[in-house]
Amino acid sequence: MGRKITIPAFIVLLLAGLSFAQEAKISSVSARYAGEGAWKDWNISTDKGSGSYSTMYSGDDAWKSWRVNAPNSDGTIETVYSGDDAWKQWRFSIGNVSGTMRTVFSGDDAWKQWDVSDGKHSLRVSTLYSGDDAWKEWNITSGNGSMRVYTRFGGSSAWRDWNISDDLSGISAELKIAAVFVCVYSGAVRIRR
């Protein structure tokens, strides 16, 4: 009799573990609106549903604080410092995942390489190319695979629509969403300058 109870219990635990282990695959990010303020509000598409990034405030400092709505969790992304270098270091808290996003180097090209970490996993976010269009294609890597983030179109509005090939495994959707933010934000800032 003990075996009959044990086997169904094992199957239930196994299925619960498999559903917990599933992570969202991000497929695209697009600005919700057109015009000068388009960079302040974004749609995120995943295989588990949709979400968004949006600035929490308006005005010149709107870019410093973001509200994140992920398919199964909400949170924030905010700069750590103020002043001219505020964009170089961020903290995020999305659902039960918290961490930092910071540039690896300093100087004018610091935006081209980032470290995004939740304390358990670190992701390296880097542009694939150099030059004026470097912001259009990114690679997010870890020991668990990679993600390619690239603009869907060319031209001056390329920063508004992004495709994502997500081959990262074992990484939370929240950490991936923080890493993708770096690409999308950097692209919007580069083109707006």
Q: Only one of these is modelled with pLDDT of 90 or more and in contact with an Asp or Glu (Cβ under 6 Å, 6 or more places away or on another chain): SER52, SER28, SER65. Name it.
A: SER65
Q: Consider ILE140 carefully, then state whether it is among the β-branched types (Val, Ile, Thr), part of a loop (DSSP other than H, G, I, E, B) and over 19 Å from ALA31 (Cβ atoms).
A: no
Q: Select from the range 68-93 the residues that are among the β-branched types (Val, Ile, Thr) and crowded, with 17+ Cβ neighbours inside 10 Å and write down the one among them that is farthest from THR55 (Cα to Cα).
A: THR79
Q.
Among the residues of the range 169-193, what is the count of those that are among the charged types (D, E, K, R) and either buried (at least 21 other Cβ atoms within 10 Å of the Cβ) or under 19 Å from ASP115 (Cβ atoms) (or both)?
A. 2
**Q.** Residue in the range 98-112 that is part of a strand (DSSP E or B), of a type in the set (A, V, I, L, M, F, W, C) and touching a Cys at 6+ places or on another chain (Cβ under 7 Å) present
**A.** no
Q | Single match in ASP166, ASP108 (criterion: surrounded by fewer than 21 Cβ atoms within 10 Å (Cβ to Cβ) and of a type outside the set (Ser, Thr, Tyr)) | A | ASP108
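The values are calculated or read from the model by the stated rules, or taken from the named source; none is laboratory data. Bear in mind that the values here come from a model prediction, so they are computed numbers and not experimental data. No Cβ is skipped: glycine too gets one built from the backbone with ideal geometry, and neighbour counts run over all protein chains shown.
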